[in-house]
Every structure is written in structure tokens, then in C-alpha cells.
Amino acid sequence: MDLKTTRSFCSHFMKKPLVSFILCPQTLIRMTSWIFSVIVCGSIMQGGFQNLSTCSELKCVLNENTAACGYGIGLGIVAALICLLFLLLDFSDPYIKTYFLHKVICISDFACSVFCAALWFIGFCFMAKEWALSVPDAYPLGVASVQTAIVFSFFSIPCWGY
């Protein structure tokens, strides 16, 4: 494919409203934020709670602090739902005719983005602190899951800030 054919190919697909919506930078960032939220929530739910061989009670791998695991799971669920809500609002944006409603959506989008970026920052600091205070090798099976949650909570901060 030469350059002229490539431009023709891209311009053909950019005329489609769904393709142009999906390739919009704001949509890509929202989808990335949604994926990161699901990864954080899923990794903590999958391996964030373990039990010792001496006890059958499940405990959080993050320094046995259930609040740290609960914060990560709760924030992941709420952030994923907020991403889906604003993706839906972005998709319906061409059909919103009222200036006031459009203004309210834009302001709430900005407020939610700043609020979620701050919550992800707090969550990253909280989970990283609890991970640093954890007893090494106490829960060997949850190490990768918790490290994944901490890393993707860090990556969520600039996504929500954008």
C-alpha cells in the first residue's frame, strides 16, 4: 500500500461516525481508564485475599488491612461505572441540543475526572504503603495480583487527569 492508498483508506473510515467516535482521543482515554479500573478491581478480587495454612479466614494481602483491598475494589468498580456513563454521554453528545445540558455534562465530566484522579492517587499511595508494611512471603500467591493492582492504580492517575 502506498501513501495515497493509505490516506484514502483512512479517510474512508473516518467518515463513519462510529469509527471516528472510537478513534477520538477522549474515547480512547476513557476506554483505557475503564480497562485499568477493571484490572485493579479484578486483580484484587482474584488474588488480594488469601488465607494462611494455620487459619481458614481470608485476609487481605496488603498488610492484612481489609480497608486497603476494599478501597481498591470499590474504587475500581465506581471508576469503571463512571467511565461507562461518560462513554455513553460522549456517544450521545451529537443528539444533545440543549446548551445547558451540554454545559452540565462538561462540568460534571471535569469534576469527576479531577475527583477520580485524586482518588486513584490516594488509592495508589494507600495500597503501596500497605504493601511496603506487609510481611514478606506471608502470602506468596497474592504477590503478582496486588503488584498488578498497585501498578495499574498508578497508571490510572494520568489517564483520569487527562
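The values are calculated or read from the model by the stated rules, or taken from the named source; none is laboratory data. Note that the coordinates shown come from a computational prediction; the quantities given were computed from them, not determined experimentally. Positions of Cβ are backbone-derived with ideal geometry, glycine not excepted, and every protein chain shown enters the neighbour counts. SASA here: full protein model, heavy atoms, side chains in, ligands and nucleic acids out. Shrake-Rupley method; radii C 1.70, N 1.55, O 1.52, S 1.80 Å.
Take the residues in the range 69-118 that are among the charged types (D, E, K, R) and part of a helix (DSSP H, G or I); name whichever of them is nearest to Cys159 (Cα to Cα).
Looking at residues that are among the charged types (D, E, K, R) and part of a helix (DSSP H, G or I), I get Asp109.
Among what's in the range 143-162 and is of a type outside the set (A, V, I, L, M, F, W, C) and in a helix (DSSP H, G or I), pick the residue that is surrounded by the fewest Cβ atoms within 10 Å (Cβ to Cβ).
Within the range 143-162, the match that is surrounded by the fewest Cβ atoms within 10 Å (Cβ to Cβ) is Pro158.
Being open to solvent by 70 Å² or more (accessible area, probe 1.4 Å) and more than 12 Å from Gly142 (Cβ to Cβ) is the filter; apply it to the range 44-74 and report the residue that is farthest from the chain's Cα centre (by Cα).
Thr54
Looking only at the range 81-113, how many residues end up being under 22 Å from Ile150 (Cβ atoms) and either acidic (Asp, Glu) or open to solvent by 40 Å² or more (accessible area, probe 1.4 Å) (or both)?
Adding up the residues that qualify gives 1.
Quick one: what pairs do we get from the range 20-40, first residue of a type in the set (S, T, N, Q), second open to solvent by 50 Å² or more (accessible area, probe 1.4 Å), C-beta under 6 Å, 6+ apart or different chains?
Going by the 6 Å Cβ cut-off, the qualifying pairs are Ser20/Met14.
Among the residues of the range 116-130, are any loosely packed, with under 13 Cβ neighbours inside 10 Å, farther than 21 Å from Ala80 by Cβ and touching a residue at least 40 places away in the same chain (Cβ under 8 Å)?
So far as the range 116-130 goes, no, none of its residues is loosely packed, with under 13 Cβ neighbours inside 10 Å, farther than 21 Å from Ala80 by Cβ and touching a residue at least 40 places away in the same chain (Cβ under 8 Å).
If we scan the range 114-133, do we find a residue that is of a type in the set (Lys, Arg) and within 18 Å of Gly74 (Cβ to Cβ)?
Checking the range 114-133: at least one residue is of a type in the set (Lys, Arg) and within 18 Å of Gly74 (Cβ to Cβ).
Looking at Cys41, is it part of a loop (DSSP other than H, G, I, E, B), open to solvent by less than 60 Å² (accessible area, probe 1.4 Å) and either more than 22 Å from Phe115 (Cα to Cα) or at pLDDT 90 or above (or both)?
Here the answer is no, as Cys41 does not meet what is asked.
Any residue in the range 9-29 that is modelled with pLDDT under 75, of a type in the set (S, T, N, Q) and open to solvent by less than 80 Å² (accessible area, probe 1.4 Å)?
For the range 9-29, residues modelled with pLDDT under 75, of a type in the set (S, T, N, Q) and open to solvent by less than 80 Å² (accessible area, probe 1.4 Å): present.
When only residues in the range 79-112 that are among the aliphatic types (A, V, I, L, M) and in contact (Cβ under 8 Å) with a residue 24 or more places away in the chain count, which is nearest to Thr27 (Cα to Cα)?
That would be Leu87.
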